[in-house]
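All remarks here apply to the structure that follows.
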Amino acid sequence: MGLKPGYKPTEVGVLPEDWNLIPFDELGKVIDGDRGVNYPSGKDFRADGYCLFLNAGNVTQDGFRFIECSFISRAKDEVLSKGKLRREDIVLTTRGTVGNFAYFDSEIPFNHMRINSGMVILRNESQSILNTFLYNYLQSHMIQLQVERLSFGSAQPQLTVKGISKLLVVVPPTTDEQKKVANALSDVDALLEGLDRLIAKKRDLKQAAMQELLTGDTRLPGFAGEWETKRLGDLASIVMGQSPSSSNYNSRGDGLPLIQGNADIEDRRTIKRIFTTQITKRAQAGDVLMSVRAPVGEISQAAYDVCLGRGVCALRFPNDFLYQYLIFLETAWAKHSKGSTFESINSTDLKAVEIQIPSDAEEQEAIASVLSDMDAEIEALEQRRAKTANLKQAMMQELLTGKTRLVELQASDEQTDAASGNAKGHNWAINEAVVIATLVKHFGGENYPLGRKRYTKLSYLLHRHVERQAEGYLKKAAGPYNPQTKYGGPEKIAKQNGYITQHKGPKGHSGFIAADNIAQAEGYFEKWYGPEVIQWLEQFRYKKNDDMEVLATVDMAALELRASGKTVNVAAVKYVITSHPEWEAKLDRAAFSDANIAEAIKQSDALLGSEIAGGSHA
């Protein structure tokens, strides 16, 4: 099969004919660190100081990571002759873990940084390539293959300055095209960073909820019974593991999966790695599993019947309260140690562990349900992040090889400025442009185009369903409403990219319908959110605007109440509504009757999930 017209074969693969392939030393220079007599030693490092002296842990596959930082004084910094970073420099690790790149852009919170002897600085001095494009390219599969070929040494791989200088860099002909590629990839990076922050927030909320609910400091509504302290052996049926003979192991699937330790656990669930036909000790699906050899106390759950090796035990309890409680105890297992090092725990000691537990089984189940729902939220976000990371890899393969030339998700400079002139605002605007366009495609048509009032409610519900929060929505008269969708850029981007167009239906309905490039927006939506989100929204297709407004309003009020630790009921929701001048008039409408508000509270809990805590949505 011949080459696509306009493309050429190169050392790094097929590229557009007008793209160049240039060794790095023709674009800039490679700078190594100072290795002379003034190189810092242990006494020179401190926990804070004038200049951050990078170590291997500070430069990762995902860029800089500022944990366990070491600093040197200004005096020490000034006697070093090489290895000082400038803004826009790129750092590359060259010893041990080779091929990690990090970009010293304006977002990095340190003004002075130096590399250690296991790194080099790549300093672009050419006007033909943008640093943002270069950094994205250096993270691509094309560069990683070159790094693998150039590295030497099996015990501790290394790269040389000479080899790095000859890395082949793809250079599109115009910086405008490079900027579009870099912006598109930056958009996905920002989405990943946002998901990371949201996942971290949800984990913190889960930890706080465990602290409150599993100690009895906060009681769920309707429960006031006593808690009691019981020994684990009196509460649960405990099965200690016993390893079968290795001669009975197989990978064909004969027998049961063998669970021996952390290698057989992923995301707190058992995985099928090794099977055994000799069933020594058995755990059932749903049993809590705990590691009993170092590290002791790590908790998981059997997804199916398994054979227990001697590194784990199974605990059988009628609900998930014990599973959540033992997760809560994970960090505290050291206190059960008889010595300074806690390598294992036996059956006797395990049975003697004391835990606090509600005497009412219904309260146990209610607490477990709240915490399990939070786990499900985190898992859904992690799955979305994984999909987004895969999307970025696919985009890099398409965009950094020129296989796709950018006529895709892009906003003009004017649109970027309209979205605050920075990456975060710009990325939000493009994301919402895709959301609006996809809603228009699925919920609008030429006879009944999708209006702003309705797409706003749908987008609010979408974000609450996917992210459990809907940022930027305000208490406007028809709200929750986010005025930035109109004035901050998304509608404009969606129209200018050919995703949607304004339309007036035959019966006078005004709004938006899908335009020629709608497939592009749908493709991004599916990769970012998945097809199941639109399926979830289908339940609102025939709902009246008033009904959707009641649901969104009540849900937003309920979030505010939960965030302040208050009970959600009709009276409390009405108080929130009357407390805001633009919302107060809602209660004069028949749609906001007590019965409708009560029903909306139930729908909010059922459709969107109640939260023990949440952010404020003013």
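The values are calculated or read from the model by the stated rules, or taken from the named source; none is laboratory data. Quantities reported herein were computed from a predicted structural model and do not represent experimental measurements. Virtual Cβ from ideal backbone geometry, glycine too; neighbours counted across all protein chains shown. Side chains included, ligands, DNA and RNA excluded: accessible areas come from the protein's heavy atoms. Shrake-Rupley method; radii C 1.70, N 1.55, O 1.52, S 1.80 Å.
Does M240 fit the bill of being open to solvent by less than 60 Å² (accessible area, probe 1.4 Å), under 17 Å from G309 (Cα atoms) and either among the aliphatic types (A, V, I, L, M) or at pLDDT below 95 (or both)? Judged against the criteria, M240 is a match.
For the range 37-52, the tally of residues that are open to solvent by 40 Å² or more (accessible area, probe 1.4 Å) and either assigned to a loop (DSSP other than H, G, I, E, B) or touching a Phe, Trp or Tyr at 6+ places or on another chain (Cβ under 8 Å) (or both) stands at 10. Among residues of the range 9-20 being farther than 18 Å from T174 by Cα and not polar (S, T, N, Q), the one that is most open to solvent (accessible area, probe 1.4 Å) is E11. Just so you know, in the range 483-504 the residues that are free of Cβ contacts under 8 Å to residues at least 60 places away in the same chain and surrounded by 15 or more Cβ atoms within 10 Å (Cβ to Cβ) include one that is farthest from K441 (Cα to Cα), and it is Q484. For the range 394-450, enumerate the residues that are assigned to a loop (DSSP other than H, G, I, E, B), farther than 22 Å from Y137 by Cβ and either β-branched (V, I, T) or at pLDDT 85 or above (or both). Within the range 394-450, G444, G445, E446, N447, Y448, P449 meet the criteria.
When the range 117-134 is filtered for residues that are in a loop (DSSP other than H, G, I, E, B) and either among the basic types (K, R) or open to solvent by less than 30 Å² (accessible area, probe 1.4 Å) (or both), the ones remaining, listed by number, are S117, G118, S126, I129. Restricting the range 53-75 to residues that are open to solvent by 30 Å² or more (accessible area, probe 1.4 Å), within 15 Å of S117 (Cα to Cα) and in contact with a strand residue (DSSP E or B) (Cβ under 7 Å, 6 or more places away or on another chain) leaves a set whose member that is modelled with the lowest pLDDT is A56. Whether any residue in the range 333-347 is open to solvent by 10 Å² or more (accessible area, probe 1.4 Å), within 25 Å of D217 (Cα to Cα) and either modelled with pLDDT of 95 or more or in a loop (DSSP other than H, G, I, E, B) (or both) is what I want to check. No, the conditions are met nowhere in the range 333-347.
Pairing residues of the range 245-274 that are farther than 18 Å from P295 by Cβ with residues that are loosely packed, with under 11 Cβ neighbours inside 10 Å, at Cβ distances under 9 Å and at least 6 apart in sequence or on separate chains, gives K272/G253; R273/S251; I274/S251. Among residues of the range 180-204 that are in contact (Cβ under 8 Å) with a residue 24 or more places away in the chain and farther than 26 Å from T404 by Cα, those with a Cβ under 6 angstrom from a residue that is open to solvent by less than 50 Å² (accessible area, probe 1.4 Å) and of a type in the set (D, E), sequence gap 6+ or separate chain, pair up as K202/E377. Consider the range 106-116 and keep the residues that are part of a loop (DSSP other than H, G, I, E, B) and touching a residue at least 24 places away in the same chain (Cβ under 8 Å). The one that is least open to solvent (accessible area, probe 1.4 Å) is I115.
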